[in-house]
Amino acid sequence: MPIATRAFAATAADQPLRPHSFERRDPGPDDVAIEIKYCGVCHSDLHVVKNDLGGTHYPIVPGHEIAGVVTAVGANVARFKQGDRVGVGCMVDSCRTCSACREGLEQYCEPGMTQTYGSRDPKGQAVGQTITQGGYSDRITVDQAFVLKIPDSLPLDAAAPLLCAGVTTWSPLKTWGVGPGSKVAVIGLGGLGHMAVKLAAALGAEVTVLSTSDRKKADAERMGARHFLINSDAEAMKAAAEQFDLIINTVSATHEIASHVNLLARDGTMVMLGLTTEGLPVFAMPLLWRRRRIAGSLIGGIRETQEMLDFCGEHGIVCEIEVIAPDQINQAYERMERSDVRYRFVIDMGRMAATA
């Protein structure tokens, strides 16, 4: 039988999110049915709701930082059982046969991954769903290959944003070999940035946070940053030149990055994680002169997501959150646009019955 699902959805780019009901598919042989307990609110949710990137299909239920409990499994599922604490991130399927998928990098699936919301949904046809719908809902059904185990040591509410904010920062830290002796700078101390600081510090790096003011300095130091740099301070920026092996740039708004390139050591890399919709001018000479790189990184594969969750479980690392009711999502979006959250909103889906 299809699974009745309650959610909050956007119906147009200029309309607030509203209660929405639809049906999830009953678990097939390889599926896991999940009661969603918590869902993080990512800045990319806002981009999709407002159709900033084009192509949004309405109604759309956002949410790809999902933590919940298994309610049923299909006949072929051996890794999960009813009652397990699980997570779902930004993907719910991929082709599984291209070179990226075979390497465990499903996020770079060559035909294109199936995103948790907003992708074509061939598996939803039986219940009339043509587009995947995300975690601002109380139920979801996901193929077992894209379900993660959440360690018992992590609270579900604070673990939910690890499924995007955690792995999005973990992946470049691991890709660029961050460890003891590494010098890492993090631009922006928001939802992504604060996780980059915590993870880099736990990996043994010497971490510096770059921000536009010192209002988050105490937070940065508490999270593991050794240094704090105000990037409008020309003298301080000059003194920090050629210091960093890796810069994690988490800013999602259009901003100036040319001066930050000079902070990279020879062979250093700036990794862009923020979803900006306008160009960011960069000059060739600072890159050429020290063989520097500007790169991008997209979330993480399933294998490295589980690795990240296990690492966080071992080290007691979680996101710093503000829990909200589902009907507070529109106010949360307004605050998120003002950067008025420390450091991630998380929706308590257990309060759906009282609001939808």
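The values are calculated or read from the model by the stated rules, or taken from the named source; none is laboratory data. Keep in mind that this is a model prediction, so the values were computed, not measured. So basically every Cβ, Gly included, is an ideal-geometry build from the backbone, and we count neighbours across all protein chains shown. These area figures cover heavy atoms from the full protein model, side chains too; ligands, DNA and RNA do not enter into them. Shrake-Rupley method; radii C 1.70, N 1.55, O 1.52, S 1.80 Å.
Observations on the model:
- Sequence ranges 24-37, 150-163, ranked by mean other-Cβ count within 10 angstrom, highest first: 150-163, 24-37
- Alpha carbon Rg of the chain, scaled by the compact-globule rule 2.2 N^0.38 Å: 0.98
- By accessible area, using a 1.4 Å probe on protein heavy atoms only, the range 270-326 has 58% of its surface on carbon and sulfur.
- The residues packed around Ala72, meaning those with a beta-carbon under 9 Å from its beta-carbon, carry a net charge of -2 if Lys and Arg are +1 and Asp and Glu are -1.
- Cβ-defined net charge surrounding Ser182, 14 Å radius [Lys, Arg +1; Asp, Glu -1]: 0
- The ellipsoid equivalent to the alpha-carbon distribution of the range 166-296 has semi-axes of 20, 16, 15 angstrom, derived from the gyration tensor eigenvalues as √(5λ) and listed largest first.
- Kirkwood estimate for the range 81-157, i.e. one over the average of 1/r between Cα atoms, Å: 13.7 Å
- Pairwise Lys count, the range 166-296 - Cα closer than 17 Å, eight or more residues apart or different chains: 6
- Relative packing of 85-98, 282-295, 329-342, which averages over residues the other C-beta atoms within 10 Å, highest first: 85-98, 329-342, 282-295
- Other residues with beta-carbon under 13 Å from the beta-carbon of Arg293 carry, at +1 per Lys or Arg and -1 per Asp or Glu, a net charge of +2.
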